[in-house]
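K.L.:
Provided herewith is a single structure, encoded as structure tokens, for subsequent inquiry.
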Amino acid sequence: MKRALLTALFATVLCLAFAQSALAVGITGTVKDINTGAPIPGAAVIDGGASAVTDASGAYTLAAAPGDYTLSAAKAGYLTTYQICTVSAGSSARVDWFLTTAYPAKPVPAKKITVLAWNDLGMHCDQDSYKYFMVLPPFNTLHAQVFGGEDAAKYTISYSFAKKQDSTLHTDFWTYASSFGYNLPKNVGLTGNGLSGQMKLENAQTGLFTASGIPVTPYDDDGTWDPYGQATLVVKDVAGTVVATTNVVVPVSTEMSCSNCHGTANPAVDILTKHDASNGTSLLADANAGHPHSCSECHSDNALAAPGKAGVESLSYAMHKRHDGKVSSDTDGCYTCHPGPKTECMRGIMARAGKGCVDCHGTTTTLWTSVDAGRKPWLDEPKCSQCHDAAHGENAGTLYRNSVLKNSVAGDMNGKIYCEACHNGTHAEYATNNPADAVITQTYQGDNYWIYNCQICHKGSDSETAFSGQAMHRGATAGGGGTESHTVAGFIDSATPNHPAVGQPVSFSGHATDSLGHSAIGYQWLDGATPISTAASFSTTSLTAGVHTIHFRVQCSSGIWSPDVIASITVASSQVGNVYRFRNLKNGYYLWTADENEKTAIINTLSSTWNYEGVAYRINTANPLNSSPLWRFRSVLGGFYLFSADASEKSTIIATLSRTWAYEGFAYSVSTDPSGFPVWRFRNKLDGTYLLSADPAEKDNIAATLQGTWELEGPAFYLAP
Amino acid sequence: MPALPREKVWQVRKPIMLVVLLVAVLALSACTRTYPGFGSPAATLKTYFMSSQKADYSATWSCYSRQYQAAVPEGDFASHRKRAGALKGYHVESVSVNGDSAAALVSLTFAPIAGAAGSPPTVTKVRENLVRESGSWKIKVW
């Protein structure tokens with residue numbers, strides 16, 4: 001009997017363990033704001049069927065059986081983002097998200113001809129000195145496409161550098177070029193191109209212009225270190241008339257930190273000494289005799305189309321294998337040899353979303369063992385489709401840098417527009433964290449996003465098509481799917497304001513895309529399960545206090561409904577206190593007050609100095625979370641204000657900076673709980689003043705376009721709904 | 001010729017001594033004030049190129065506009081600048097001022113770069129753009 005009981009107990013435990021492991025299957029992760037890193041509560045993560053909404057910390061758990069999934073993450077005010085993932089039997093998959101703020105809706109200046117230009121790799125490397133060896137020569141490549149006018153063959157594009165006209169001032173490449181097998185005039189690169197010249201129409205079908213092998217260095221002629229210098233492109237028509245000009249960044253760096261391991265005295269000598277000792281070569285003696293060698297003389301190098309010598313490892317293989325274990329397996333480790341901690345080559349949106357070198361390329365070990373497995377360095381490189389859904393993947397068998405748009409709803413764009421024309425070179429995918437990259441997008445769109453605005457090429461488009469960048473990629477649906485099937489997708493373009501009060505009008509707007517070009521015949525908006533509208537856009541004042549999960553779906557003319565997309569709206573109760581913002585007309589400083597008397601007094605007596613800008617944000621005074629004090633300081637020297645809800649910051653300022661900051665005391669009550677809506681604090685880099693913003697669109701617009709002036713310090717405090 | 005009374009000698013010598021003292025103070029002041037500062041485009045250009053010539057790249061960095069300084073920290077600039085060509089001479093050919101911006105045409109002479117010993121110095125002409133920031137004229141890169 002006892003034995004039978006034990007057996008039953010054991011069986012029960014086994015069953016429970018099995019059930020527990022089955023329950024563990026699913027997808028977990030967090031959703032955060034890419035600009036601030038702050039968690040995004042209320043975002044919807046959908047796998048095409050099931051959905052989950054993030055909690056106050058931005059975390060979500062989505063039940064999912066083993067299989068492959070195309071996930072989307074959506075939240076009003078942000079762009080819907082897609083990722084693929086695989087859930088294996090008995091385990092959970094982790095998918096984290098960093099969402100980008102929705103496109104700023106604004107008109108763009110009309111231009112007859114648009115020229116998009118980019119650097120192919122986002123960064124090129126060269127050397128300050130070639131006295132001892134050559135890993136890579138000065139070699140940079142620019143591409144350009146012309147839109148909005150005639151066939152590409154009817155244009156010419158020239159390039160030049162205002163500040164980089166003589167590379168021989170700062171590199172000795174041409175002194176030793178003949179040793180490397182190149183008989184080149186000064187300032188002429190390997191392909192015959194110089195620091196100015198004509199781009200070549202490389203592909204008449206796609207209209208791709210290229211200038212390859214530009215021998216540019218990271219130094220301006222006057223010696224300024226300028227790894228993100230600009231080239232000027234001038235487009236002329238057949239009559240020789242200039243029809244467009246633009247500037248484009250030509251990134252280049254010499255930051256190979258060999259001295260980290262090979263000594264600071266002369267790392268090149270140490271490298272050659274070790275190479276000679278290991279391989280029986282006489283590279284150092286040859287270099288000292290004035291005849292340095294190129295690594296690719298023996299080591300094959302696809303970057304230079306150099307075949308190397310039979311039986312000698314490729315350069316990529318040899319370098320990664322030799323240094324394996326000597327550097328860490330993360331971006332910092334890669335930056336030991338690749339540029340670099342100062343250059344910061346990794347600056348694109350993927351890096352901003354937390355991806356490092358190894359997330360795409362693998363570890364140092366992977367980089368050489370994969371060659372053993374047949375990978376060809378430089379030719380077989382990471383694929384977008386490793387993480388992104390099919391609609392956003394590169395062309396089959398083609399690198400991202402050579403891929404073109406193939407799944408647009410508008411067929412005449414397919415096969416013509418290069419991915420990099422709109423998204424920029426790899427490592428520097430828009431929107432980057434380096435303002436220097438955004439020359440083209442600032443010129444045409446006035447922001448640093450990727451090219452999304454249809455009006456850039458399609459002059460006079462109405463606003464509906466003008467801001468539907470995601471429709472560019474057919475099949476970008478919540479249900480995933482490839483590019484060949486019939487796909488209907490709904491998109492929530494806006495749900496504003498972000499956090500209204502009861503009775504305040506809330507406007508919703510959505511649109512549809514259809515892979516077969518069918519028109520939309522029906523729209524459905526639901527508040528939970530309750531229908532609230534059947535129009536593409538509508539406004540309502542009937543939302544009650546609390547959190548509302550708004551569903552949106554679209555029906556195409558063949559009767560198919562899109563999967564739901566979701567927006568989360570939190571409506572505050574009507575018990576709100578207002579916080580008012582004023583701007584000083586003389587010096588641009590800001591002041592916030594929740595004190596009605598102070599507000600009235602300023603308006604009545606100081607309106608010539610302080611301009612009343614209205615309600616900056618509302619505070620639900622009924623919510624007990626909104627009870628943390630916010631303190632106000634006034635700059636003794638400048639007369640501007642600083643607000644802090646951080647007790648330790650307050651104490652520090654009072655204790656150590658009282659000569660600079662006069663403590664004015666309690667301002668009003670806010671929340672320090674991150675589940676509330678953040679109010680962001682910016683610091684002006686130029687004059688040290690502060691700006692508070694509770695408007696996500698304003699915050700992102702400042703972070704995107706004024707980052708040279710305003711530094712985002714993060715959430716200063718929160719407003720509980 | 002009768003010797004002047006002692007008081008008279010001092011009366012004659014006093015102004016001479018004062019002039020000598022003044023000249024000495026001015027000379028000393030000129031020696032300690034290394035660079036002319038940023039009060040005019042010409043002063044900034046002089047500070048910029050003179051410091052570069054002395055390989056005093058910390059001072060060179062101080063000549064750049066806020067935008068460049070925000071993007072490139074002083075240490076990064078200095079460590080890279082010393083690996084580029086060494087400036088040996090400069091001549092400001094022209095300066096034009098337009099409100100808060102200015103442009104200058106400058107002739108630069110660089111030493112032969114390392115490894116190319118024996119080759120002649122290189123002379124090049126560059127255009128420098130300047131911008132007035134809070135009253136100071138600074139070199140504008142972008």
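The values are calculated or read from the model by the stated rules, or taken from the named source; none is laboratory data. Keep in mind that this is a model prediction, so the values were computed, not measured. With ideal geometry, Cβ positions are generated from the backbone for all residues, glycine too; neighbour counts draw on all protein chains shown.
Residue by residue, here is whether (1) in contact with a Pro (Cβ under 7 Å, 6 or more places away or on another chain); (2) closer than 18 Å to residue A:683 by Cα; (3) part of a strand (DSSP E or B) holds:
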{"site": "A:630", "(1), (2), (3)": "no, yes, yes"}
{"site": "A:633", "(1), (2), (3)": "no, yes, yes"}
{"site": "A:637", "(1), (2), (3)": "no, yes, no"}
{"site": "A:653", "(1), (2), (3)": "no, yes, no"}
{"site": "A:659", "(1), (2), (3)": "no, no, no"}
{"site": "A:664", "(1), (2), (3)": "no, no, yes"}
{"site": "A:668", "(1), (2), (3)": "no, no, yes"}
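K.L.:
For residue A:592, are the conditions met, namely being within 21 Å of residue A:681 (Cβ to Cβ), over 35 Å from the mean Cα position of the chain (by Cα), surrounded by 14 or more Cβ atoms within 10 Å (Cβ to Cβ) and outside the structural domain of residue A:506 (by TED's automatic domain parsing)?
P.N.:
Numbers: within 21 Å of residue A:681 (Cβ to Cβ): yes; over 35 Å from the mean Cα position of the chain (by Cα): no; surrounded by 14 or more Cβ atoms within 10 Å (Cβ to Cβ): yes; outside the structural domain of residue A:506 (by TED's automatic domain parsing): yes.
Considered against the rule, which asks whether it is within 21 Å of residue A:681 (Cβ to Cβ), over 35 Å from the mean Cα position of the chain (by Cα), surrounded by 14 or more Cβ atoms within 10 Å (Cβ to Cβ) and outside the structural domain of residue A:506 (by TED's automatic domain parsing), residue A:592 comes out as no.
Results for (1) crowded, with 21+ Cβ neighbours inside 10 Å; (2) more than 14 Å from chain B (Cβ to nearest Cβ), shown as yes or no for each residue.
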residue: A:96; (1), (2): no, yes
residue: A:99; (1), (2): yes, yes
residue: A:104; (1), (2): no, yes
residue: A:116; (1), (2): yes, yes
residue: A:132; (1), (2): yes, no
residue: A:145; (1), (2): yes, yes
residue: A:149; (1), (2): no, yes
residue: A:157; (1), (2): yes, yes
residue: A:160; (1), (2): no, no
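K.L.:
Answer with yes or no whether residue B:136 is in contact with a helix residue (DSSP H, G or I) (Cβ under 9 Å, 6 or more places away or on another chain), touching a residue at least 24 places away in the same chain (Cβ under 8 Å) and either within 9 Å of chain A (Cβ to nearest Cβ) or not aliphatic (A, V, I, L, M) (or both). Give the derivation first.
P.N.:
Working: in contact with a helix residue (DSSP H, G or I) (Cβ under 9 Å, 6 or more places away or on another chain): yes; touching a residue at least 24 places away in the same chain (Cβ under 8 Å): yes; either within 9 Å of chain A (Cβ to nearest Cβ) or not aliphatic (A, V, I, L, M) (or both): yes.
Yes.
K.L.:
Restricting attention to the stretch A:563-573, does a residue exist that is touching a His at 6+ places or on another chain (Cβ under 7 Å) and among the charged types (D, E, K, R)?
P.N.:
yes
K.L.:
Restricting attention to the stretch A:192-201, and to residues there that are touching a residue at least 24 places away in the same chain (Cβ under 8 Å), in a loop (DSSP other than H, G, I, E, B) and away from every other protein chain (no Cβ under 14 Å), which single residue is nearest to the chain's Cα centre (by Cα)?
P.N.:
Taking the stretch A:192-201 first, the residues touching a residue at least 24 places away in the same chain (Cβ under 8 Å) are A:195-199, A:201.
Among the residues that remain, those that are also in a loop (DSSP other than H, G, I, E, B) are: A:195-196, A:199.
Narrowing further to those that are away from every other protein chain (no Cβ under 14 Å): A:196, A:199.
Numbers: A:196: 31, A:199: 29 Å.
Residue satisfying both the conditions and the ranking: A:199.
K.L.:
Quick one: which of A:674, A:624 is outside any strand (DSSP E or B), out of contact with any strand residue (DSSP E or B) (no Cβ under 8 Å at 6 or more places or on another chain) and more than 28 Å from residue A:438 (Cβ to Cβ)? Quick ask: steps written out before the conclusion?
P.N.:
Details: A:674 fails: out of contact with any strand residue (DSSP E or B) (no Cβ under 8 Å at 6 or more places or on another chain).
None of the others qualify; the one that does is A:624.
K.L.:
Quick check on this structure: which one of A:412, A:380 is without any contact (Cβ under 8 Å) to a residue 24 or more places away in the chain and in a helix (DSSP H, G or I)? Spell out how you get there, then give the answer.
P.N.:
Working: A:380 fails: in a helix (DSSP H, G or I).
A:412 is the lone residue from the list that is without any contact (Cβ under 8 Å) to a residue 24 or more places away in the chain and in a helix (DSSP H, G or I).
K.L.:
Can you tell me which residues in the stretch A:677-692 are touching a residue at least 40 places away in the same chain (Cβ under 8 Å) and in a strand (DSSP E or B)? Don't jump to the end; show me each part of the working.
P.N.:
Taking the stretch A:677-692 first, the residues touching a residue at least 40 places away in the same chain (Cβ under 8 Å) are A:677-680, A:687-692.
Passing the criteria: A:677, A:678, A:679, A:680, A:690, A:691, A:692.
K.L.:
Scan (1) of a type in the set (S, T, N, Q); (2) in contact with a strand residue (DSSP E or B) (Cβ under 9 Å, 6 or more places away or on another chain); (3) within 14 Å of chain B (Cβ to nearest Cβ); (4) crowded, with 21+ Cβ neighbours inside 10 Å for the single condition residue A:140 breaks and write down its number.
P.N.:
(3)
K.L.:
Next question, about the same structure. Look at the stretch A:680-703 and say how many of its residues are surrounded by 19 or more Cβ atoms within 10 Å (Cβ to Cβ), within 20 Å of the chain's Cα centre (by Cα) and either closer than 28 Å to residue B:132 by Cα or not assigned by TED's automatic domain parsing to the domain that holds residue A:633 (or both).
P.N.:
Of the residues in the stretch A:680-703, 2 are surrounded by 19 or more Cβ atoms within 10 Å (Cβ to Cβ), within 20 Å of the chain's Cα centre (by Cα) and either closer than 28 Å to residue B:132 by Cα or not assigned by TED's automatic domain parsing to the domain that holds residue A:633 (or both).
K.L.:
Looking only at strands (runs of 3 or more DSSP E) that fall completely inside the stretch B:35-142, which ones have 3 or more residues that are modelled with pLDDT under 95 and within 24 Å of residue A:253 (Cβ to Cβ)?
P.N.:
Numbers: elements: B:87-98, B:101-110, B:122-133, B:136-140.
Because the criterion is at least 3 residues that are modelled with pLDDT under 95 and within 24 Å of residue A:253 (Cβ to Cβ), the strands (runs of 3 or more DSSP E) in the stretch B:35-142 that meet it are B:122-133.
K.L.:
Pick from A:464, A:429: which is modelled with pLDDT of 85 or more and of a type in the set (Asp, Glu)?
P.N.:
Values: A:464 fails: modelled with pLDDT of 85 or more.
Only one candidate qualifies: A:429.
K.L.:
Moving on. Would you confirm whether or not the stretch A:168-191 contains a residue that is touching a Phe, Trp or Tyr at 6+ places or on another chain (Cβ under 6 Å), within 14 Å of chain B (Cβ to nearest Cβ) and either among the basic types (Lys, Arg) or assigned to a strand (DSSP E or B) (or both)?
P.N.:
So far as the stretch A:168-191 goes, yes, one or more of its residues are touching a Phe, Trp or Tyr at 6+ places or on another chain (Cβ under 6 Å), within 14 Å of chain B (Cβ to nearest Cβ) and either among the basic types (Lys, Arg) or assigned to a strand (DSSP E or B) (or both).
K.L.:
Take residue A:207 and decide whether it is away from chain B (no Cβ under 14 Å) and modelled with pLDDT of 95 or more. Steps first, please.
P.N.:
Details: away from chain B (no Cβ under 14 Å): yes; modelled with pLDDT of 95 or more: no.
No; evaluated as a whole, the condition is false for this residue.
K.L.:
Another question, then. Please go through the stretch B:68-112 and give me each residue that is among the aliphatic types (A, V, I, L, M), at the interface with another protein chain (Cβ under 8 Å from one of its Cβ atoms) and over 17 Å from the mean Cα position of the chain (by Cα), ordered by number. Spell out the reasoning first.
P.N.:
First, the residues of the stretch B:68-112 that are among the aliphatic types (A, V, I, L, M): B:70-72, B:78, B:84, B:86-87, B:92, B:95, B:97, B:102-106, B:108, B:111.
Imposing the further condition that a residue be at the interface with another protein chain (Cβ under 8 Å from one of its Cβ atoms) reduces the set to B:70-72, B:84, B:87, B:106, B:108.
Across the stretch B:68-112, the qualifying residues are B:70, B:71, B:72, B:84.
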